[in-house]
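The values are calculated or read from the model by the stated rules, or taken from the named source; none is laboratory data. What you see is a predicted model, and the numbers here were worked out from it, not measured in a lab. Glycine gets a Cβ as well: all are built from the backbone with ideal geometry, and neighbour counts include every protein chain shown. When the accessible area is computed, the model is the full protein with side chains, heavy atoms only, and any ligands, DNA or RNA have been set aside. Shrake-Rupley method; radii C 1.70, N 1.55, O 1.52, S 1.80 Å.
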Amino acid sequence: MTYAIQAEGLAKRFRETQALAGVDLAARTGTVLGLLGPNGAGKTTAVRIFATLIRPDGGRAMVAGHDVVRDPGLVRAVVGLTGQYAAVDENLTGTENLLLIGRLLGIPRREARARAAELLDYFQLSEAAGRAVKTFSGGMRRRLDLAASLVGRPQILFLDEPTTGLDPHSRGEVWEMLRGLVAEGVTALLTTQYLDEADRLADDIVVIDKGRVIADGTPDQLKATVGGQVLQLRPVDIADLAKAHALVAEAAGPQTQIEGETITAPVKDPALMPAVVRRLDHEGIAVRELTLRRSSLDEVFLALTGHRAEPESPAGGETPPDEDEFERVGSSA
């Protein structure tokens, strides 16, 4: 099997913080690998290493068959990176931003201008191409940022929280763009705290916590680890909520949760629902809603980490690398 991105025993420490503690992962060529984890789990650190922005302290990272430490220049030639916040210049127009990046990459002016026009059309920004980016909406800026990462026609994209702060419509636009790129053969490593995003986009998922891989597999495989289905129950009388929760927890186990006025529990035994119905009937608890549904990645995340996913803090939730770390990597290119 061909892997576009691989890590073996990847380790990184920032002062007293062990950001990565032996991470193994692999992304198949032409797929999306979702990298999930709580704030500070090490996701952004892994992306920085793969993008050759910082060096690992141990282990090995390969991108498109190139070692990120030994051959950083070859890696940079085939990758694109989009972070949580748009990195385009707000005072330049859309065309000027893409043209500038093309020239910095050494692309001849005429070719760079043609590439800029091609990308602006692809990302549905042609009509705004001559406007200053500061007049763009959040979704337009994010699309331009994605376009900027594609000027050099990368084989591999690193997307670190690419839809942070976007409204649902703009997020949907970014999803469609990514699907189109992957259909054309691009490989993407996606970090996100929006678990519905990972569920819809990722072919495979790796979950890390405290710098270590705690689970991996396809979305469906991970959902199966917490039960293929979830029982969802809401009593008629809210005063019965605590008692109903206790009854369900006796049958379903400690992963039974109260969410608002609803009780949820993983279903690992098909006999759970009839058992719950009998117990509720015996206690005289009337139910407004009792359903079975598929598990969500949010429930997988909760079961694995002990809490739900939350948006990253402005600093990204991880200890930033020292400034001289960038200098050392830059000097090795």
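Residues that are within 30 Å of L36 (Cα to Cα) and open to solvent by 80 Å² or more (accessible area, probe 1.4 Å): which helices (runs of 4 or more DSSP H) entirely in the stretch 218-286 hold 2 or more of them?
Filter on the stretch 218-286 gives 219-225.
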In the stretch 132-142, residues that are open to solvent by 20 Å² or more (accessible area, probe 1.4 Å) and either touching a strand residue (DSSP E or B) at 6+ places or on another chain (Cβ under 9 Å) or not small (G, A, S) (or both) total 5
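Quick grid of which residues meet (1) in contact (Cβ under 8 Å) with a residue 60 or more places away in the chain; (2) open to solvent by 80 Å² or more (accessible area, probe 1.4 Å); (3) touching a Gly at 6+ places or on another chain (Cβ under 9 Å):
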| site | (1), (2), (3) |
| --- | --- |
| A61 | no, no, no |
| D67 | no, no, no |
| R70 | no, yes, no |
| V79 | yes, no, yes |
| G83 | yes, no, yes |
| L92 | no, no, no |
| I101 | no, no, yes |
In the set A19, A7, A26, the lone residue that is on the phi < 0 side of the Ramachandran plot and free of Cβ contacts under 8 Å to residues at least 40 places away in the same chain is A26
Evaluate the following for T163: is it open to solvent by less than 50 Å² (accessible area, probe 1.4 Å), polar (S, T, N, Q), over 24 Å from E289 (Cβ atoms) and at pLDDT below 90?
yes
Just to verify a result, which residue in the stretch 104-131, among those that are in a helix (DSSP H, G or I) and hydrophobic (A, V, I, L, M, F, W, C), is most open to solvent (accessible area, probe 1.4 Å)?
L104
I want to confirm something. Restricting to the stretch 193-217 and keeping residues that are assigned to a helix (DSSP H, G or I) and of a type in the set (A, V, I, L, M, F, W, C), which single residue is nearest to M273 (Cα to Cα)?
L195
Please enumerate the residues belonging to the stretch 25-50 that are assigned to a helix (DSSP H, G or I) and open to solvent by less than 10 Å² (accessible area, probe 1.4 Å).
K43, T45, A46, V47, I49, F50
Of all the residues that make up the stretch 116-165, how many are more than 23 Å from T187 (Cβ to Cβ) and aliphatic (A, V, I, L, M)?
9
Odd one out for G180 among (1) under 16 Å from Q84 (Cβ atoms); (2) surrounded by fewer than 19 Cβ atoms within 10 Å (Cβ to Cβ)
(1)
